[in-house]
1. May I ask you to compute the full-extension gain from Arg371 to Arg457, defined as 0.36 nm times their residue separation minus their alpha-carbon distance, rounded to one decimal in nm?
2. Could you check the simple spin-label distance between Trp416 and Thr195, using points 7 Å along Cα→Cβ, in nm with one decimal?
3. Could you name the lysines in cross-link range of Lys456, using Cα to Cα under 29 Å and dropping any fewer than eight places away on the same chain?
4. Roughly speaking, what is the centre-to-centre gap between the range 353-417 and the range 281-348 when only Cα atoms are used, to the nearest Å?
5. Short version: ³J(HN,Hα) in whole Hz for each residue of the range 366-373, in order, from phi by Karplus 6.51 cos²θ - 1.76 cosθ + 1.60 (θ = phi - 60°), x for Gly and Pro, what are they?
6. Determine, for Ile344, Ile369, the number of other Cβ atoms within 10 Å of each Cβ, and report the residues in order from fewest to most.
7. Please arrange Val203, Val283 by counting, for each residue, the other beta carbons lying within 10 Å of its beta carbon, fewest first.
8. Rounded to whole Hz and in sequence order, give me ³J(HN,Hα) for the range 208-224 from the Karplus expression 6.51 cos²θ - 1.76 cosθ + 1.60, θ = phi - 60°, writing x for Gly and Pro.
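Nothing in this text is a laboratory measurement; each read-out follows from the coordinates by a stated rule. This one's a predicted model, so the numbers in the text were calculated from it and none came from an experiment. Every residue, glycine as well, gets a Cβ built from its backbone with ideal geometry; the counts of neighbours run over all protein chains shown.
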Amino acid sequence: MSDPLGLIVVAAGAAVAGWMVGRRPQRFRLRAGAGPHLLPDPALDWLRRAHQAIGVWITELDPREGEPRAERILDAERLSVSQIVAVDRRLERARDQEQSGAERMDSGTLVFHAEGGAAVGLLLPTQFEATRLDGVEDDLRRLLDGVRRRPEVVALAQAQTRDASIESVGSVGLRLAYQLERTLDVQVVVAALDTGGVRVIGVSGRGDRRLLDSFLPPDSGLARVAQGSLESHVSNGDPLGGVVADRRNRTGSVLLLPMRRGAQTVGAVAIWLSAGQEPTGSVRAELMEALDNAAPRIANALEADEHRRAATVDPLTGLPNRRGFDEVFTLITAKAGALVYCDIDRFKSLNDTLGHPAGDAALVHFARILREQIRSGDVAARIGGEEFAIWLPETGLDLGARIAERIRLKLGTTAWDWQGRSWPLSASFGVASCPDTSSSLDNLPAQADAALYVAKRSGRNRVERAGR
């Protein structure tokens, strides 16, 4: 069974990549959090039937949102609801505690394997051939490997849909991590020196994908090598500085190597060594050639990212600007949601009285409140002088208005002054949503703008809903 499952994983991954490459993004047409599965239902059902299992389970944590996500294919006629729930909970515990093994349950024997925020399991009949257990465990390990590689496969496929002349930082980092894992048969983490610090841009299949896009502590070993303050060396501690709090650190020796473009250090890699032995000879030469090849590509991708940020990010508040917000809408994956337009009341008076530096400080203050009050997955932007927009995916009109009201109250009750002079800040809000006020997301900007106009004309410092 091991070889067929391996073919399933590879074929499904290739299908995902092909689907993503051939796809063209359409405005407002994708749903947040939804994406193609690396292992679709037929593959899971094939695995279940190959082992005459009652069911197959996958449970994992979304690496960005931290929310649980589960898939299961089972013979519902052989299980009660309580038995299904019992397996769900046991696998969630295995996922959180990174447990693996076999356990007798009321519904059968559950064989499970967990690592790096994901767990998979097969529920076998109570009576099964013990000699088949090794094959089951081998297939589960392959399944878990496919599940954990799924985000990277999708990320690499998505990277192909962007400007083909410039690779993304993430695609270079992921390719390098997987290339080195195949060459050395070890876990690999790749980090790059970004504007905000040293960021993890690649994690091999054996690594913890929650590390992706995290910024390493400046004094961690990998960060210091990436910054050029430490040369290559072998570390026996945690080179990542505990960036993921509940991550189980692999013990042993870790080789830290810088990546350089000429005299410039652009990043570094951490390689967990097998038996503590550094690669030598032709393997070492292949390793260094891979780093030399990746370094200029990473540097070019970082520079391209910086240019994109300059064009799409407001330099004062750090929020997306109007162009950045419009680009978000072309990529936003939602069929419904709420759009909030807001601006600071009497902003011209503030500027005229306290000066433009005070106005800039007020804008930064409001942007900070927006970041604090919106949810993960929401997007706030500065789209004009004192004008801001907030996109709330999968949010109805009532909830959108409540969020806007929460922001309004927070701004009004947070003291703000300029060089010792107190100045009360307030803002007005207009809210529109799909499908509540429009059947099309394209109509929301005009509706939110009209609602904001009503709020300003009605006395300011208030929230107005479209359609009233």
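1. Values: separation 86, 0.36 × 86 = 30.96 nm, distance 2.69 nm.
Here the answer is 28.3 nm.
2. Result: 2.3 nm between the two label points.
3. Result set, ordered by chain and number: Lys348, Lys410.
4. If you average the Cα positions of each part, the centres end up 21 Å apart.
5. 5, 4, 5, 5, 4, 4, 6, 9
6. Working: Ile344 22, Ile369 19.
If I rank by nearby Cβ atoms, fewest first, I get Ile369, Ile344.
7. Details: Val203 29, Val283 12.
With the sparsest Cβ surroundings first, the list reads Val283, Val203.
8. For the range 208-224, the Karplus curve yields 8, 5, 5, 6, 4, 6, 7, 9, 7, x, x, 8, 6, x, 5, 5, 5 Hz.
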